[in-house]
Amino acid sequence: MGDHDGWDEDKYVETLEGERRRFAWVMQRYGGKTPAEAEAEAVEFYYYEEPDTPCRGLVFHDEAWHWAMLGIHKGEYWHAHPELEQPCAEYDDIE
C-alpha cells in the first residue's frame, strides 16, 4: 500500500479496522482460534499508531492474509503450503 506517513486519520482507522477483521477471520478459519482469541490477536498485531508515529501504517504494506499466515505457519509458509500463497475467495469478500 505504500508509504502512509501523514495520511488522513479516518482513512487510517478504516484501514486498521478492516485489516483487523481480515486478520481475525484468517486466524479463526485457518488457525483454529475462537472469535475472542482471533480478535485479541488482531488488535495486538494491528495496534493503533498515533498520527505522529514515524512510518505510521507500515504494517499495511502486506495484507492481513500474509501476516496471519506467518503467525499460523511461520516463515515462508507459501513453500510448505503453496495453496495458501494467495487469499481464498471468501477472504476477498470480507468488508
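Structure data summary
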{"read-out": "Boolean, Thr15 is surrounded by fewer than 19 Cβ atoms within 10 Å (Cβ to Cβ), over 14 Å from the mean Cα position of the chain (by Cα) and of a type in the set (Val, Ile, Thr)", "value": "no"}
{"read-out": "Residue in the stretch 38-54 that is surrounded by fewer than 17 Cβ atoms within 10 Å (Cβ to Cβ), within 13 Å of the chain's Cα centre (by Cα) and touching a residue at least 40 places away in the same chain (Cβ under 8 Å) present", "value": "no"}
{"read-out": "Answer from His81, His73, His61 - the residue that is of a type outside the set (Gly, Ala, Ser), surrounded by fewer than 16 Cβ atoms within 10 Å (Cβ to Cβ) and farther than 25 Å from Val13 by Cα", "value": "His81"}
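FYI, it's all coordinate maths here, none of it is from the lab. Remember, predicted model here, so these are calculated numbers, not experimental data. Every residue, glycine as well, gets a Cβ built from its backbone with ideal geometry; the counts of neighbours run over all protein chains shown.
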